[in-house]
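K.L.:
Can you read through this structure? Questions will come right after.
The values are calculated or read from the model by the stated rules, or taken from the named source; none is laboratory data. All figures in this text were calculated on a predicted structure; none of them were measured in a lab. Virtual Cβ from ideal backbone geometry, glycine too; neighbours counted across all protein chains shown.
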Amino acid sequence: MFLYVLRRLFLLIPMLLGLTVIVFAIARLLPGDPVGLAAGPNATPEIIASVAKEFGLDQPIPVQYWNYLTGLVQGDWGVSIFTRRPVFEDVMTYLPATLELVFAALLFAIVVGIPLGLLAAVYRNGPLDYITRTVALGGIAMPRFFLGLLLQLGFAVALDWLPLSGRFPLIESTPEPITGLYTIDALLVGDWYSFTIALQHLALPAFAMSLSPLATIMRMMRASTIEVLQQDFVMTERALGLSSRLILFKYVLKNAMSSTLTVIGLYVSWLLGGTVLVETVFDWPGLGLYATQAILTQDFMPVIGVTLVIATIYLLSMLVVDILYGVFNPKVRYA
Amino acid sequence: MTMIPVNVPKRDQSARMENWSRAFYRFRQSWLSVFGLAIVLLLILLAIFAPVIIPYPEHVLGTTNTAARFLPPSSAAWFGTNALGQDMFSLVLAGSRVSLFSGLAVVIISILVGSFVGAVAGYFGGWIDEILMRFTDLLLTIPSLILAMAVAAALGTGVGNMIIAISITWWPAYARLVRGEVIGKKEEQFITAARALGAGWPRILGLHILPNIMSPIVVKASLDMGFAILTVASLGFVGIGVKAPTPEWGTLLSVARSSMPDYWWTALAPGFAIFLAVLAFNLLGDGLRDVLDPKARR
């Protein structure tokens with residue numbers, strides 16, 4: 001098991017190296033004039049040349065790539081032409097906000113989706129089954145940004161229960177950073193007041209993001225539970241007189257989890273890459289907004305940095321999923 | 001080399017008809033699939049006849065009417081008017097052309113590129129397969145929305161550039177699908193027979209393998225149409241992709257956001273249009289999968 005994880009981690013290195021090549025090539029070979037944009041519309045050729053020199057953009061692309069790669073290993077991810085701040089610092093500032101959003105959305109989707117999918121399969125064709133299936137169909141088709149707008153209209157404007165946007169009120173002092181996730185940080189020091197505020201701000205954007213994974217998890221869970229319920233071992237257990245609850249939660253759930261796990265793993269990447277939309281709606285200061293800003297100003301270094309961070313998290317989450325497979329299914333346990 | 005004449009029996013016409021009617025019968029079993037098909041057909045008809053139906057064609061071209069700003073929905077303007085006094089119904093209707101066209105273009109380009117790469121990789125195997133598939137896998141790990149946004153921004157605004165940008169992130173999924181299918185088919189006897197008759201690889205792939213693996217491609221394509229429309233709208237919503245005055249659902253929604261919450265109706269029409277289109281294509285895709293993909297049938 002330990003060796004397996006170690007080997008998988010080692011295999012990440014060539015993957016990430018290949019990623020840097022592709023992302024760098026896309027960023028550099030596309031048309032566009034980042035230097036001109038950064039220097040401003042009235043810049044003289046001399047100013048443009050000096051800006052290009054400052055960011056190393058006057059050198060040939062392979063040299064630029066080598067410089068970037070050697071910097072990357074040392075924690076120097078380049079400088080944003082637009083904010084003039086190191087990309088690494090920027091990413092570390094915005095990453096916790098995005099992670100908080102993604103974790104909250106995923107947690108909600110899992111905690112609600114798995115039991116609902118399981119129950120829908122057990123009470124197949126009952127009212128609960130129809131409700132979950134309808135929600136599942138609608139949830140996948142609903143654009144996150146439109147759902148976000150509707151939630152704002154309903155819960156922030158009409159009902160005035162929750163804040164319209166943002167992550168924390170400007171007048172309040174944010175919790176002492178430990179993990180950078182406001183809700184967790186507040187909980188760790190037992191600051192219930194800050195926790196409530198953070199949670200109120202988190203609720204709407206997290207729900208807007210969670211509907212699609214929730215719908216898919218419910219669907220997968222329902223389908224695989226139905227399949228497992230029809231297998232012989234379930235009938236054997238019933239014949240042995242085991243209680244329905246024990247069969248369902250001890251044996252069926254475990255067997256039905258495998259395919260649902262894959263979906264959850266895939267959704268980590270989908271959620272991270274798609275936070276852009278929800279962060280735009282709710283003015284959530286995360287990686288998505290940062291990336292959008294960088295893309296609109298054709299600021300390459302932040303785009304490369306954000307892409308690499310998200311891809312790395314995705315690859316790691318796939319590894320976690322593969323390890324969890326072994327937990328739920330001893331047949332694929334690794335030596 | 002002389003070709004050996006082989007007498008291939010023509011497939012019975014009536015048997016084929018029976019297959020089709022059976023398939024359609026199975027499709028009709030689920031009223032959701034029929035509902036999806038109906039909405040898709042309605043959307044296509046609306047998009048085709050939009051120039052005739054649109055009540056205020058001048059609004060689509062950019063004419064403003066400041067006297068009629070932010071009128072709530074009424075019989076004159078079904079979905080109300082926006083900040084420029086333009087009829088939202090006309091704009092959303094015109095937007096259906098942009099959305100459906102871009103969605104279709106993305107799916108078709110992705111199928112063409114992805115099928116080619118996947119078919120070549122699967123057919124030849126070895127180092128060709130290794131190189132092509134490692135590249136494909138790498139592209140699949142990049143967050144597709146951010147990649148599409150970056151490419152679209154670098155290429156500049158416009159429907160064509162946006163289609164290219166999204167297609168770049170979409171073809172790898174088709175390459176994976178087609179590769180798997182080709183590997184499954186290439187060892188079958190009818191392929192060996194075709195090879196024995198002297199057929200080259202383009203002929204074998206194009207004439208013998210591809211027609212036999214069309215079902216999963218069609219199913220994926222119909223499911224993807226909805227998500228392609230959604231991605232187009234997403235790019236429009238974050239301000240990359242199609243720019244005003246070209247009416248596109250995502251762009252319309254992004255403009256509407258600035259007049260929220262007081263003038264909520266400007267967001268409602270384009271938002272529900274996206275939702276309905278994605279939902280309809282998903283339902284249609286599910287229905288097609290039940291009919292065409294026996295493995296997934298329950």
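K.L.:
Any idea which residue in the stretch A:285-296 is farthest from the chain's Cα centre (by Cα), counting only those that are facing chain B (nearest Cβ under 7 Å) and closer than 15 Å to residue B:241 by Cα?
P.N.:
A:296
K.L.:
Here is a follow-up. Looking at the stretch A:269-278, which of the residues that are among the hydrophobic types (A, V, I, L, M, F, W, C) and more than 7 Å from every other protein chain (Cβ to nearest Cβ) is farthest from the chain's Cα centre (by Cα)?
P.N.:
Among those that are among the hydrophobic types (A, V, I, L, M, F, W, C) and more than 7 Å from every other protein chain (Cβ to nearest Cβ), it is A:278.
K.L.:
Also: Take the conditions under 30 Å from residue B:245 (Cβ atoms), crowded, with 18+ Cβ neighbours inside 10 Å and either more than 14 Å from chain A (Cβ to nearest Cβ) or not acidic (Asp, Glu) (or both) and apply them to residue B:173. Does it pass?
P.N.:
no
K.L.:
Considering only the stretch B:89-111, I want to know if a residue exists there that is more than 28 Å from residue B:42 (Cβ to Cβ) and either in contact with a Cys (Cβ under 8 Å, 6 or more places away or on another chain) or within 14 Å of chain A (Cβ to nearest Cβ) (or both).
P.N.:
No, because not a single residue in the stretch B:89-111 is more than 28 Å from residue B:42 (Cβ to Cβ) and either in contact with a Cys (Cβ under 8 Å, 6 or more places away or on another chain) or within 14 Å of chain A (Cβ to nearest Cβ) (or both).
K.L.:
Check A:140, A:184 and return the single one that is at pLDDT below 85 and either in a helix (DSSP H, G or I) or crowded, with 16+ Cβ neighbours inside 10 Å (or both).
P.N.:
Residue meeting the stated conditions: A:184.
K.L.:
For residue B:112, all conditions in the list (1) modelled with pLDDT of 90 or more; (2) surrounded by 24 or more Cβ atoms within 10 Å (Cβ to Cβ) hold save one; what is the number of the exception?
P.N.:
(2)
K.L.:
Continuing with this model, one more query. Scan (1) without any contact (Cβ under 8 Å) to a residue 60 or more places away in the chain; (2) within 14 Å of chain B (Cβ to nearest Cβ); (3) in a helix (DSSP H, G or I); (4) surrounded by fewer than 22 Cβ atoms within 10 Å (Cβ to Cβ) for the single condition residue A:163 breaks and write down its number.
P.N.:
Unmet condition: (3).
K.L.:
Hey, can you tell me all the residues within the stretch A:187-225 that are touching a Lys or Arg at 6+ places or on another chain (Cβ under 8 Å) and modelled with pLDDT under 85?
P.N.:
Selection gives A:198 alone.
K.L.:
Is it true that residue A:10 is at pLDDT 85 or above, assigned to a helix (DSSP H, G or I) and not hydroxyl-bearing (Ser, Thr, Tyr)?
P.N.:
yes
K.L.:
I'm checking my understanding of the structure. Among residues of the stretch B:236-283 that are assigned to a loop (DSSP other than H, G, I, E, B), surrounded by fewer than 23 Cβ atoms within 10 Å (Cβ to Cβ) and more than 10 Å from chain A (Cβ to nearest Cβ), which one is modelled with the lowest pLDDT?
P.N.:
Step by step, filter the stretch B:236-283, then rank; the result is B:244.
K.L.:
Now for a different question. Is it true that residue A:323 is surrounded by 22 or more Cβ atoms within 10 Å (Cβ to Cβ), more than 14 Å from chain B (Cβ to nearest Cβ), at pLDDT 80 or above and part of a helix (DSSP H, G or I)?
P.N.:
Taking the combined requirement at face value, the residue does not satisfy it.
K.L.:
In the stretch A:172-228, which residues are among the polar types (S, T, N, Q) and closer than 21 Å to residue A:108 by Cβ?
P.N.:
A:179, A:183, A:194, A:196, A:200, A:210, A:212, A:216, A:224, A:225
K.L.:
Then there is this: Test of understanding: among B:233, B:221, B:228, which residue is at pLDDT 85 or above, within 12 Å of chain A (Cβ to nearest Cβ) and under 19 Å from the mean Cα position of the chain (by Cα)?
P.N.:
Only one candidate passes the filter, namely B:233.
K.L.:
Continuing with the same structure: Quick one: is residue A:71 without any contact (Cβ under 8 Å) to a residue 60 or more places away in the chain and not in a loop (DSSP other than H, G, I, E, B)?
P.N.:
So residue A:71 fits the description; yes.
Here is a yes/no grid of residues against (1) without any contact (Cβ under 8 Å) to a residue 12 or more places away in the chain; (2) of a type in the set (A, V, I, L, M, F, W, C):
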site: B:50; (1), (2): no, yes
site: B:54; (1), (2): no, yes
site: B:58; (1), (2): yes, no
site: B:66; (1), (2): no, no
site: B:98; (1), (2): no, yes
site: B:140; (1), (2): no, yes
site: B:146; (1), (2): yes, yes
site: B:149; (1), (2): no, yes
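K.L.:
Would you point out which residue out of A:122, A:135 is in contact with a Leu (Cβ under 7 Å, 6 or more places away or on another chain), touching a residue at least 24 places away in the same chain (Cβ under 8 Å) and at negative phi?
P.N.:
Every option except A:122 fails the conditions.
K.L.:
Oh, and also: Is it true that residue A:204 is crowded, with 22+ Cβ neighbours inside 10 Å, among the hydrophobic types (A, V, I, L, M, F, W, C) and either assigned by TED's automatic domain parsing to the domain that holds residue A:265 or in a helix (DSSP H, G or I) (or both)?
P.N.:
Here the answer is yes, as residue A:204 does meet what is asked.
K.L.:
Filtering the stretch A:74-97 down to residues that are in contact with a Pro (Cβ under 9 Å, 6 or more places away or on another chain) and assigned to a helix (DSSP H, G or I), which residue is nearest to residue A:311 (Cα to Cα)?
P.N.:
Per the stated criteria, the residue is A:91.
Every residue, every condition in (1) farther than 26 Å from residue A:221 by Cβ; (2) facing chain B (nearest Cβ under 9 Å), yes or no:
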{"position": "A:258", "(1), (2)": "no, no"}
{"position": "A:267", "(1), (2)": "no, no"}
{"position": "A:280", "(1), (2)": "yes, yes"}
{"position": "A:283", "(1), (2)": "yes, no"}
{"position": "A:303", "(1), (2)": "yes, yes"}
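K.L.:
If you scan the stretch A:268-292, which residues turn out to be more than 15 Å from residue A:95 (Cα to Cα) and at pLDDT below 85?
P.N.:
A:270, the sole residue that qualifies.
K.L.:
Another question, if that's okay. State all residues of the stretch B:85-106 that are small (Gly, Ala, Ser) and not in a helix (DSSP H, G or I); if no residue qualifies, say none.
P.N.:
B:85
K.L.:
Residues that are β-branched (Val, Ile, Thr) and closer than 20 Å to residue A:273 by Cα: list the helices (runs of 4 or more DSSP H) wholly contained in the stretch B:107-217 that include at least 3 such residues.
P.N.:
B:159-186
K.L.:
Among the residues in the stretch A:101-110, are any surrounded by fewer than 22 Cβ atoms within 10 Å (Cβ to Cβ), under 19 Å from residue A:210 (Cβ atoms), out of contact with any helix residue (DSSP H, G or I) (no Cβ under 7 Å at 6 or more places or on another chain) and modelled with pLDDT of 85 or more?
P.N.:
Yes, the stretch A:101-110 has at least one match.
K.L.:
Report whether or not residue B:288 is assigned to a helix (DSSP H, G or I) and within 12 Å of chain A (Cβ to nearest Cβ).
P.N.:
When the stated conditions are applied, residue B:288 does not pass them.
K.L.:
Which one of the conditions (1) without any contact (Cβ under 8 Å) to a residue 40 or more places away in the chain; (2) surrounded by 13 or more Cβ atoms within 10 Å (Cβ to Cβ); (3) more than 30 Å from residue A:166 (Cβ to Cβ) does residue A:86 fail to meet, given that it meets all the rest?
P.N.:
(3)
K.L.:
Which condition number in (1) among the aliphatic types (A, V, I, L, M); (2) touching a Phe, Trp or Tyr at 6+ places or on another chain (Cβ under 9 Å); (3) within 30 Å of residue A:228 (Cα to Cα) is the one that residue A:69 fails?
P.N.:
In the conditions (1) among the aliphatic types (A, V, I, L, M); (2) touching a Phe, Trp or Tyr at 6+ places or on another chain (Cβ under 9 Å); (3) within 30 Å of residue A:228 (Cα to Cα), residue A:69 misses (3) alone.
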